[in-house]
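Single-structure report; data block below.
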Amino acid sequence: MKSTIQVFNCSKDMKQLNCIIPTINRELESTTRIITLSNDTIYGKDFIEELIGMSEKHKGSIIYNNNKDVIDLNKGVIFYTNFFDKDFFNTPLDTNSDDWINTYFKDFPKKRINYTENYKIL
């Protein structure tokens, strides 16, 4: 896994956006997929495969896991780096991260999956 996964840490706390902003800042390829996950979840054995498979079918869409129609970075989301522009990095300081993501991408094509084999760590 170490040859295919990279982890980048933040220099400042950007709340839930910590899982995505450092990676976007470093990644130069527009076709790279970024998957956000939570550190307090045990993911099902084929969860990543499900996200990637749906991403292959819907290349111009954000793929996200949720039983609601909102993007939650902690539940698993796949983005291509070219989905972001400089405006994304102008996050209002007093805005909730989930609200910012959903507002920023409100008109962007999205596909939701409802994967049920992920579990919160107790």
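The values are calculated or read from the model by the stated rules, or taken from the named source; none is laboratory data. This one's a predicted model, so the numbers in the text were calculated from it and none came from an experiment. Backbone-built Cβ (ideal geometry, glycine too); neighbour counts: all protein chains shown. Accessible surface is based on the protein model in full, side chains and every heavy atom, while ligands, DNA and RNA are left aside. Shrake-Rupley method; radii C 1.70, N 1.55, O 1.52, S 1.80 Å.
Considering the range 80-101, and only residues there that are under 22 Å from Lys57 (Cα atoms) and out of contact with any Asp or Glu (no Cβ under 7 Å at 6 or more places or on another chain), the residue that is surrounded by the fewest Cβ atoms within 10 Å (Cβ to Cβ) turns out to be Asn82. Residues in the range 99-122 that are out of contact with any Ser or Thr (no Cβ under 7 Å at 6 or more places or on another chain) and farther than 24 Å from Gly53 by Cα: Asp99, Thr103, Tyr104, Leu122.
Lys75 meets all of the listed conditions (1) touching a Phe, Trp or Tyr at 6+ places or on another chain (Cβ under 8 Å); (2) buried (at least 18 other Cβ atoms within 10 Å of the Cβ); (3) at pLDDT 95 or above but one, namely (3).
Summed over the range 40-57, the residues that are part of a loop (DSSP other than H, G, I, E, B) and surrounded by 14 or more Cβ atoms within 10 Å (Cβ to Cβ) give a count of 2.
Taking (1) open to solvent by 60 Å² or more (accessible area, probe 1.4 Å); (2) within 20 Å of Thr32 (Cα to Cα); (3) not small (Gly, Ala, Ser) in turn, Lys120 satisfies each apart from (2). Tally up the residues in the range 25-45 that are under 21 Å from Ile121 (Cα atoms) and free of Cβ contacts under 8 Å to residues at least 60 places away in the same chain, please. Residues in the range 25-45 being under 21 Å from Ile121 (Cα atoms) and free of Cβ contacts under 8 Å to residues at least 60 places away in the same chain: 5 in total.
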